[in-house]
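**Student:** This structure is in structure tokens; I'll ask about it shortly.
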Amino acid sequence: MITVEEHRAAVLAAVAPLEPRQVPLTEALDCVLAEDVVATLAVPPFDNSAMDGYAVRTEDVATAAGTTPVRLHVVADLPAGSGERPEVLPGTAVRIMTGAPMPPGADTIVPVEQTDQHVGPGAGSALPEVVEIRASAAVGAHLRRAGEDVSVGAPVLPAGVELGARELSTAASTGHGTLPVRPRVRLGVLSTGSELVAPGTALEHGQIPDSNSTLVAGLAATSGARPVPLGSVVDDAGALRARLRDSLPDVDAIVTTGGVSAGAYDVVKEVLAPLGEVTFSAVAMQPGKPQGFGVLRDGGRAVPIFCLPGNPVSVFVSYLAFVEPALRVMSGQGTTDEPETLRPPLLEAVVEVGWTCPPGRRQYMPVVLEESEDDAGTRVLLAHPAAAGGSGSHLVASLARAHALAIVEADVESVAVGDVVTVMMVP
Ligand code: AMP
Ligand code: MG
């Protein structure tokens, strides 16, 4: 048997970050930016009005006040988006809307509220011939200057940043329709087992719903990958080979579940072991002891494949221990020497209901946590197994109750009431 750390190290040594790809902003959310990005557009891109009002020359309105208004001829109308450049000559004004480009000749904006045209909401849009200006204005008032926020060539997003809504809108406003990102890992999800039917389907005797596909796809999406559902395949070597071959071009990595233990129909092992590129190991953990990992070739491309055992709780634990760290590396978010604290912080909890542990294997026990206080009034976490039956790796429905996995080291034989255990919060 090898340890969890040894198996994870072998996995992480075999995976590498995906090549950066230029993707549309709509596909870049939550991706890691691969290169520094600079502005190719200034923000704002041109001088424009911050108010609905009139673009005028300051000297024309220097004496304007409520009692001594100044009358100017309105020579043009500039809605936002207008490409016109009407000149504002002495004695004239241009009606202008918020966001419209400043017309040449004008050096200030008088808001409509300081004119005779302010007639309240729903007022008509007819352009007046003359506007009465009722206040003077300083040069540049209510004007948004080109480049005030960002100038062309300025750095706006550094490589390595995780792209959220604000980063993507920054890219959009500075001239980018696409960005170079580490693409989301396309994770093929394939269940094996002749007993499996799609969730929600009526069962014949001996059949069960394929819950692993849903579990792995959900975990993959949670860790920022893009799950590619490959369905389930019966325990037949030819069928499995064909499904893997057909799927390879569409995925960056594959997770299979089932078919890796010592049964007569453990087809994953039967198909992949002879190819020599996937190694099947016994890992000193419970659940999740039988693990396959290797790399399939699609032309020149290496596609990592994780062959997890079939029991759902084993799948869950194996995913967190091996697949998630590998996906982090492939997406550019992780390092190749991830410690056990994959989901920090690890917490300590006091055991409320004890259980037994397998000799020589690290145990990951799904537990329910409750907050409480000890005799001294200090806050403590209490833990008890999520499933009434304890550690059964088939107890999939109880997994939903668990808040965490208690991690019990290989040399511990049992956990008793009052013991303190280390727990890792789970997605
Ligand atoms: P195996 O490793 O193929 O022997 O499967 C171990 C156990 O996990 C068996 O009881 C299977 O029926 C169950 N199992 C395998 N695959 C799935 C799946 N996709 N969804 C739910 N249970 C499964
Ligand atoms: Mg099976």
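**Student:** Looking only at Glu204, Glu19, Glu352, which one moves most when the chain is put into a Gaussian network model with springs between Cα atoms under 10 Å?
**Tutor:** Fluctuation is largest for Glu204.
**Student:** Given points 7 Å out from each Cα along the Cα-Cβ axis, report the Ile208 to Arg21 separation in nanometres with one decimal.
**Tutor:** For Ile208 paired with Arg21, the spin-label model returns 3.5 nm.
**Student:** Express the carbon and sulfur contribution to the solvent-accessible surface of segment 48-144 as a percent, rounded to the nearest whole number, probe 1.4 angstrom.
**Tutor:** Details: 2460 of 4790 Å².
Here it works out to 51 percent.
**Student:** Which residue, chosen from Val415, Val351, His403, occupies the Cα position most advanced towards the positive end of the dipole of segment 346-425, where the dipole is computed from +1 (Lys, Arg) and -1 (Asp, Glu) charges on Cβ about the Cα centre?
**Tutor:** The Cα lying farthest towards the positive end belongs to His403.
**Student:** Just the Kirkwood number for the chain, please: inverse of mean 1/r across all distinct Cα pairs, in Å, one decimal.
**Tutor:** It is 26.5 Å.
**Student:** Also: Compute the convex hull volume of the Cα atoms of segment 1-122, divide it by the residue count, and report the result per residue in Å³ as a whole number. Kindly include the intermediate steps, with their values, before the conclusion.
**Tutor:** On the way: hull volume 26.6 nm³, N = 122.
With only Cα atoms used, segment 1-122 gives 218 Å³ per residue.
**Student:** Still on this structure: Working from the alpha-carbon coordinates of segment 84-156, get Rg over Rh, Rh being the Kirkwood radius. All intermediate terms of the calculation are to be shown ahead of the outcome.
**Tutor:** Details: Rg = 14.7 Å, Rh = 14.3 Å.
Here Rg/Rh amounts to 1.03.
**Student:** Now a separate question. Quantify, in whole percent, the carbon and sulfur part of the accessible surface of segment 363-402 (1.4 Å probe; protein heavy atoms only). Before the final figure, lay out the partial values.
**Tutor:** Numbers: 1050 of 2120 Å².
Here carbon and sulfur together make up 50 percent of the probe-accessible area.
**Student:** Working out 0.36 nm times the residue gap between Thr40 and Ala14, then minus their Cα-Cα distance, what length gain in nm do you get to one decimal?
**Tutor:** Values: separation 26, 0.36 × 26 = 9.36 nm, distance 3.83 nm.
Length difference between fully extended and current span is 5.5 nm.
**Student:** Another question, then. Treat every Asp and Glu Cβ in the chain as -1 and every Lys and Arg Cβ as +1, leave all other atoms uncharged, and give the resulting dipole magnitude about the Cα centre to the nearest 20 debye.
**Tutor:** Details: 27 positive and 50 negative charges, 178 e Å.
Its charge dipole is roughly 860 debye.
**Student:** Helix-only mean residue ellipticity at 222 nm, the chain, DSSP H runs n ≥ 4 weighted -39,500 (n - 2.57), per residue, nearest 500. What is it? Walk me through the numbers on the way to the answer.
**Tutor:** Values: 8 runs with 66 residues, N = 427.
The per-residue figure over the chain is -4000 deg cm²/dmol.
**Student:** Right, another one. Relative to the present Cα-Cα distance, how much length would full extension add between Asp250 and Asp236 at 0.36 nm per residue of separation?
**Tutor:** Details: separation 14, 0.36 × 14 = 5.04 nm, distance 2.23 nm.
Taking 0.36 nm per residue and subtracting the Cα distance, the gain is 2.8 nm.
**Student:** With everything on Cα atoms, drop me the angle between helix 212-222 and the longest principal axis of the chain, reported from 0 to 90° to the nearest 10.
**Tutor:** 40 degrees
**Student:** Something else now. Pick out which of Arg184, Arg95, Arg362 has the largest mean-square fluctuation in a Gaussian network model of the chain, springs linking Cα atoms closer than 10 Å.
**Tutor:** For the chain, modelled as a Gaussian network with Cα springs under 10 Å, the answer is Arg95.
**Student:** Can you give me the angle between helix 4-14 and the longest principal axis of the chain, using Cα atoms only, in degrees from 0 to 90, rounded to the nearest 10?
**Tutor:** Taking Cα atoms only, the helix is inclined about 50 degrees.
**Student:** Turning to a different aspect of this structure: To the nearest µm²/s, what D does Stokes-Einstein give for segment 346-425 at 25 °C and 0.890 mPa s, using the Kirkwood radius over alpha carbon pairs as Rh?
**Tutor:** Diffusion coefficient, whole number: 194 µm²/s.
**Student:** Give me the 1.4 Å probe accessible area per residue for segment 346-425, excluding ligands and nucleic acids, in Å². Before the final figure, lay out the partial values.
**Tutor:** On the way: 4090 Å² over 80 residues.
Solvent-accessible surface per residue comes out at 51 Å².
The values are calculated or read from the model by the stated rules, or taken from the named source; none is laboratory data. Everything quoted here is computed from the prediction, not taken from an experiment. Ideal geometry is used to build each Cβ from the backbone, glycine not excepted, and the neighbour counts take in all protein chains shown. Surface areas here come from the heavy atoms of the whole protein model, side chains and all, with no ligands, DNA or RNA. Shrake-Rupley method; radii C 1.70, N 1.55, O 1.52, S 1.80 Å.
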